[in-house]
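Inspection log for the structure reproduced underneath, given as structure tokens.
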Amino acid sequence: MRILFVTMHRPRRSPGQRFRFEQYIPYLRDNGFDCDFSYLISEADDRVLYASGRYAAKFGILMKSVAVRLRDVLAAGRYDIIFVFREALMINTAIIERLLAASRAKLVFDFDDAIWLQGVSEANGILAFLRGGRSKVPQILRRSDMVFVGNRYLAEYAAAYNDNVHVIPTTLDTASHAPRAHPPRDRVCIGWSGSPSTVPYFDALTPALARLKQRFGDRIYFKVMGDASYENPALDVKGLAWREAAEVEDTAELDIGLMPLPDDPWTRGKCGFKALLYMSLAIAPVVSPVGVNADIVEEGVNGFSATTDDEWVAKLSTLVEDAGLREQFGKRGRETVVERFSFDSQKDRYVQLLRSMA
């Protein structure tokens, strides 16, 4: 079977792509699938799209993207499956997906966020009219032969428009994402991994973490990964840039991993990647019990959940003071990922579902 993966970003660029389908491509090939990749945004385009202004250059990227997708439409008949991750084009139209669905190929649609709510970045606010409207995702869902989603909340939304919806959790390769030993130390590292767009979630914890720092002083320190521009003097922390090659090593320094979230329609669609990342490395997690986090983290068994500042301070204080409990949560969290959220736990089902498209 031949599959064309239709995506926004180049391979290895987007965490969503990496963990939703890119990690499965070698296994698909081993099982007789011929996989091709069509993406729109190059490394140079990234620097343009996420900068303020430069509208002529951004229009040029859009025109180039339309040309790429028209070539995909013309080539669609050569494939058995067209796999669209999130969207085929970055503007509010499903015309490309409709044309792909009209070909002989089966259309598989995959998404891992509440993308029907998605807006635009601050740098592109003037272009919001190109992204406006909420009819695009339902149109794609109606024309898809199969839908993959990352959690039950997304599945409930998709099921209103499509009766062939499957929950495929975001997974990690537990061979590469494995615990790392570090030398004994007197300080407990509490950290967060994310991106510039999600660092406000960490920032909202500043009052609770400042109270924790006041209580424990130099016995604890904080680490923020994913936004090199982030600084928080109250916590004496400066952010680190995300680096794929060092993601595991950078995260493995943590003793406690944080995943704070507000409870709203967007965050309920999150697929819990931060919690899974920590747990795969046997790091004790403390999370907001929002969306799939409540399924991943079992209170008092493989981690803690917290909602109010007082709860965050209390749960984190318990873990700072109890190394044995951190180790217990780490071990059981690792088991949770291996059993339910690992590449190995989902790979055969993934292949079987795609093969059923024949």
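Here Arg268 fulfils each of the conditions (1) among the basic types (Lys, Arg); (2) over 22 Å from the mean Cα position of the chain (by Cα); (3) open to solvent by 50 Å² or more (accessible area, probe 1.4 Å) apart from (2).
Kindly establish whether Tyr278 is of a type in the set (Phe, Trp, Tyr), within 20 Å of the chain's Cα centre (by Cα), assigned to a helix (DSSP H, G or I) and surrounded by fewer than 21 Cβ atoms within 10 Å (Cβ to Cβ). Considered against the rule, which asks whether it is of a type in the set (Phe, Trp, Tyr), within 20 Å of the chain's Cα centre (by Cα), assigned to a helix (DSSP H, G or I) and surrounded by fewer than 21 Cβ atoms within 10 Å (Cβ to Cβ), Tyr278 comes out as no.
Residues considered: Ser65, Ser14. Of these, the only one that is without any contact (Cβ under 8 Å) to a residue 24 or more places away in the chain, among the hydroxyl-bearing types (Ser, Thr, Tyr) and out of contact with any helix residue (DSSP H, G or I) (no Cβ under 7 Å at 6 or more places or on another chain) is Ser14. Restricted to region 19-52, and to residues there that are more than 24 Å from Val73 (Cα to Cα) and either in contact with a Leu (Cβ under 7 Å, 6 or more places away or on another chain) or without any contact (Cβ under 8 Å) to a residue 12 or more places away in the chain (or both), the residue that is most open to solvent (accessible area, probe 1.4 Å) is Arg47.
Counting only helices (runs of 4 or more DSSP H) that sit completely within region 1-85, those holding 1 or more residues that are touching a Ser or Thr at 6+ places or on another chain (Cβ under 7 Å) and among the aromatic types (Phe, Trp, Tyr) correspond to 15-20. Only helices (runs of 4 or more DSSP H) whose full extent lies in region 307-358 are considered here, and the ones with at least 2 residues that are more than 25 Å from the chain's Cα centre (by Cα) and closer than 25 Å to Thr267 by Cα are 309-321.
Condition check ((1) of a type outside the set (S, T, N, Q); (2) assigned to a strand (DSSP E or B)) across all residues:
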residue	(1), (2)
Ala175	yes, no
Pro179	yes, no
His182	yes, no
Ile190	yes, yes
Phe202	yes, no
Ala210	yes, no
Gly217	yes, no
Val224	yes, yes
Ser229	no, no
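Contact map, region 255-272: first residue within 16 Å of Ala204 (Cβ to Cβ), second residue among the charged types (D, E, K, R) and open to solvent by less than 60 Å² (accessible area, probe 1.4 Å), Cβ cut-off under 9 Å, separation 6 or more or different chains; pairs are Leu258/Lys274; Met259/Lys270; Met259/Lys274; Leu261/Lys270; Trp266/Asp113; Lys270/Asp112; Lys270/Asp113.
Ser176: modelled with pLDDT under 95, surrounded by fewer than 15 Cβ atoms within 10 Å (Cβ to Cβ) and under 29 Å from Arg334 (Cβ atoms), yes or no? Yes, satisfied.
The values are calculated or read from the model by the stated rules, or taken from the named source; none is laboratory data. The structure displayed is predicted, hence computed values, not measured ones. We place every Cβ from the backbone using ideal geometry, glycine too, and count neighbours over all the protein chains shown. In case anyone asks, the SASA skips ligands and DNA or RNA and just uses the protein heavy atoms, side chains included. Shrake-Rupley method; radii C 1.70, N 1.55, O 1.52, S 1.80 Å.
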